[in-house]
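A.B. asks: Mind having a look at this structure? Questions to follow.
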Amino acid sequence: MKILEKYFDGVLGPLSDLYEATYNDSCLFVQFKDRFWFDQELAYYNLLKDKPYCYELLDVDHSKLLMSFKHEGENLSHVMHENKPIELDYKNSVKEILCDLENEGIRKINIYPWTFFIQDGKLKTCDLYGCTTNSTLISEHRLTDIINDTQRFSFVDGYLDCQATYNYTLEHSDHYWPEKI
């Protein structure tokens, strides 16, 4: 079993403060640290599981906050960092995924290369806990310890302003991607 990490600004580090991820040749195992984010991931997985860009969930252990899903491809963060040839237009694929999510009334506020992977020649997305809708309420205290960019996260009356955070993320995506998404 290997630990899955991300590249950000050329440095290899943990994928998320919310979970630990390990993998083998066919599966990714995501061990959440908090029930709230585990439940968010499952809720949005259930909404998106029939989408061609959603991962294939293999198993869920509610008592351990552990999920496993099919992961026979490569994390986009690694592919980009290692300058491997990408046989799909990942930028257009990301835009198509975001457009489809928007059409469903969903905004994915964690749009980073490490939240996508290439599998069977297609771009897939994970870290669905970062999806929101107009009715999503995430209290500020849930995010205080994980905020990596204080300008990106806006709060109103103690709750995340999901639309403003999404807009900021899109506008400043070139900080995480080679170019603006």
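The values are calculated or read from the model by the stated rules, or taken from the named source; none is laboratory data. Because the structure is predicted, anything quoted here is derived from the model rather than measured. Note that each Cβ is placed from the backbone with ideal geometry, even for glycine, and that neighbours are counted across all protein chains shown.
A.B. asks: Does any residue of region 58-69 turn out to be under 13 Å from the mean Cα position of the chain (by Cα), modelled with pLDDT of 95 or more and not basic (K, R)?
C.D. replies: No, because not a single residue in region 58-69 is under 13 Å from the mean Cα position of the chain (by Cα), modelled with pLDDT of 95 or more and not basic (K, R).
A.B. asks: If you don't mind, there's one more thing I want to ask. So, in region 1-41, of the ones that are surrounded by 18 or more Cβ atoms within 10 Å (Cβ to Cβ) and aliphatic (A, V, I, L, M), which residue ends up nearest to S63 (Cα to Cα)?
C.D. replies: If we take residues in region 1-41 being surrounded by 18 or more Cβ atoms within 10 Å (Cβ to Cβ) and aliphatic (A, V, I, L, M), then V30 is nearest to S63 (Cα to Cα).
A.B. asks: Residues that are touching a residue at least 12 places away in the same chain (Cβ under 8 Å), out of contact with any Cys (no Cβ under 7 Å at 6 or more places or on another chain) and more than 23 Å from F29 (Cα to Cα): does region 123-135 have at least one?
C.D. replies: yes
A.B. asks: Just one of L57, L76 is without any contact (Cβ under 8 Å) to a residue 40 or more places away in the chain and either farther than 19 Å from G121 by Cβ or in contact with a Pro (Cβ under 6 Å, 6 or more places away or on another chain) (or both); which is it? Walk me through it before giving the result.
C.D. replies: Values: L76 fails: without any contact (Cβ under 8 Å) to a residue 40 or more places away in the chain.
The conditions single out L57.
A.B. asks: Consider L88 against the criteria (1) modelled with pLDDT of 95 or more; (2) assigned to a loop (DSSP other than H, G, I, E, B); (3) farther than 25 Å from T136 by Cβ: it satisfies all of them except one. Which criterion is unmet?
C.D. replies: Unmet condition: (1).
A.B. asks: Identify all residues within region 44-69 that are in a helix (DSSP H, G or I) and either in contact with a Lys or Arg (Cβ under 6 Å, 6 or more places away or on another chain) or exposed (fewer than 15 other Cβ atoms within 10 Å of the Cβ) (or both); write none if there are none.
C.D. replies: N46 - this is the single residue of region 44-69 that is in a helix (DSSP H, G or I) and either in contact with a Lys or Arg (Cβ under 6 Å, 6 or more places away or on another chain) or exposed (fewer than 15 other Cβ atoms within 10 Å of the Cβ) (or both).
A.B. asks: For region 148-164, which residues satisfy the criterion of being in a loop (DSSP other than H, G, I, E, B), exposed (fewer than 14 other Cβ atoms within 10 Å of the Cβ) and not acidic (D, E)?
C.D. replies: N148, T150, Q151, G158
Table: residues versus (1) in contact with a strand residue (DSSP E or B) (Cβ under 7 Å, 6 or more places away or on another chain); (2) exposed (fewer than 15 other Cβ atoms within 10 Å of the Cβ); (3) modelled with pLDDT of 95 or more; (4) part of a loop (DSSP other than H, G, I, E, B).
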| residue | (1), (2), (3), (4) |
| --- | --- |
| S77 | yes, no, no, no |
| K95 | no, yes, yes, no |
| L98 | yes, no, yes, no |
| W114 | yes, no, no, no |
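A.B. asks: Among the candidates D100, D17, D25, D39, single out the residue that is free of Cβ contacts under 8 Å to residues at least 40 places away in the same chain and not basic (K, R).
C.D. replies: Details: D100 fails: free of Cβ contacts under 8 Å to residues at least 40 places away in the same chain; D17 fails: free of Cβ contacts under 8 Å to residues at least 40 places away in the same chain; D25 fails: free of Cβ contacts under 8 Å to residues at least 40 places away in the same chain.
When all the criteria are applied, what remains is D39.
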